[in-house]
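Asks: This is the structure I want to talk about, given as structure tokens.
The values are calculated or read from the model by the stated rules, or taken from the named source; none is laboratory data. The structure presented is a predicted model; accordingly, all values stated were derived computationally and were not measured. Ideal geometry is used to build each Cβ from the backbone, glycine not excepted, and the neighbour counts take in all protein chains shown. Only protein heavy atoms, including side chains, enter the accessible area calculation; ligands, DNA and RNA are left aside. Shrake-Rupley method; radii C 1.70, N 1.55, O 1.52, S 1.80 Å.
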Amino acid sequence: MSRRTRHFSVMARSITNKPKDALTGTKSSQGEIAAFLKAAKAAGQTSTGTGRVVLALDATMSRQPTWDMACTIQADMFRSAADVGSLLMQLVYFRGIGECRASKWAEDGGSLAAMMSRIDCRGGHTQILKVLKHAAKEHARNRVNALIYIGDAMEENVDDLVQAAGELGLRGVPVFLFQEGHDPRAEEAFREIARVTKGGWFRFDRNSASVLSRLLSAIAVYATGGLKALESRVSREDRLLLAQMSGSGNKGERG
């Protein structure tokens, strides 16, 4: 697929070279942990509302085909969530030499697709830690119901990633990771991030757009309606997502 030249400077703000996250290097007391877990459980039982989901994508050079897929699929998430509540989504992406940006919050699939269409993929290393810390900052401002990450590699310190993910997990923000390919180092890190946040890890390929779409739609329903809304649905992907979040589906599944 030929690369497209796009210019992108208006919709996103850089989250690169920000001051160190306030969560880094801190320890939580047993009381704080109990409070976080209680709040997370209560949030998961919400029946309706406005869900906020951060959709993060690796936009390095190898990702262009999957980026194009995500541009189309994300609209299905808004449609699926509409029956339960309203959905707000924020796009976060990294590419190039240290570039990591976040969009404004979008209320519909068309707006988000328009943002995504103005971005091209560029070479560079992964910046997953910045994504996790950004999600924590957004959550501190206003609750984030889920973080979705789509990528194929991991080129960072896994302990740093798990520490940042663990802080998200304590605050009730599950991370759902979709891995393209079979990079063992990425798989190990992604599975652990999913485990400590009570999220999920899934493998997919470029031929499984329909499966990816249904899984992302199930996450949108969870974000807007909580576990009860997800449990009321009966699709295979809904059951798979519930199994992952409960820890009983930790082997993951290929799309």
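Asks: Tell me which residues, restricted to the stretch 219-236, are at negative phi and either part of a loop (DSSP other than H, G, I, E, B) or open to solvent by less than 10 Å² (accessible area, probe 1.4 Å) (or both).
Replies: Within the stretch 219-236, Ile219, Ala220, Val221, Ala223, Thr224, Gly225, Leu230, Ser232, Arg233, Val234, Ser235 qualify.
Asks: Regarding the stretch 126-135, can at least one residue be identified that is open to solvent by 40 Å² or more (accessible area, probe 1.4 Å), within 16 Å of the chain's Cα centre (by Cα), farther than 24 Å from Gln64 by Cα and touching a residue at least 60 places away in the same chain (Cβ under 8 Å)?
Replies: yes
One line per residue, one yes/no per condition, for (1) out of contact with any His (no Cβ under 6 Å at 6 or more places or on another chain); (2) modelled with pLDDT of 90 or more; (3) within 22 Å of Thr66 (Cβ to Cβ):
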| residue | (1), (2), (3) |
| --- | --- |
| Val211 | yes, no, yes |
| Asp238 | yes, yes, no |
| Leu242 | yes, yes, no |
| Gly247 | yes, no, no |
| Arg254 | yes, no, yes |
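Asks: Now for a separate question. Condition first: open to solvent by less than 10 Å² (accessible area, probe 1.4 Å), more than 17 Å from Tyr149 (Cβ to Cβ) and without any contact (Cβ under 8 Å) to a residue 40 or more places away in the chain. Now tell me which residues in the stretch 71-108 satisfy that.
Replies: Across the stretch 71-108, the qualifying residue is only Ala106.
Asks: Restricting to the stretch 109-122, what's the tally of residues that are charged (D, E, K, R) and either under 15 Å from Arg13 (Cβ atoms) or open to solvent by less than 50 Å² (accessible area, probe 1.4 Å) (or both)?
Replies: 2
Asks: Examine the stretch 142-158 for a residue that is among the aromatic types (Phe, Trp, Tyr), buried (at least 21 other Cβ atoms within 10 Å of the Cβ) and more than 25 Å from Glu187 (Cα to Cα), and state whether such a residue exists.
Replies: no
Asks: Of the residues in the stretch 64-112, how many are within 20 Å of Gly49 (Cβ to Cβ), among the hydroxyl-bearing types (Ser, Thr, Tyr) and in a strand (DSSP E or B)?
Replies: Count: 1.
Asks: Run Thr66 past the list (1) in contact with a helix residue (DSSP H, G or I) (Cβ under 8 Å, 6 or more places away or on another chain); (2) at pLDDT below 85; (3) among the β-branched types (Val, Ile, Thr); (4) under 30 Å from Asp183 (Cβ atoms) and report the number of the one that doesn't hold.
Replies: So Thr66 meets the others, but not (1).
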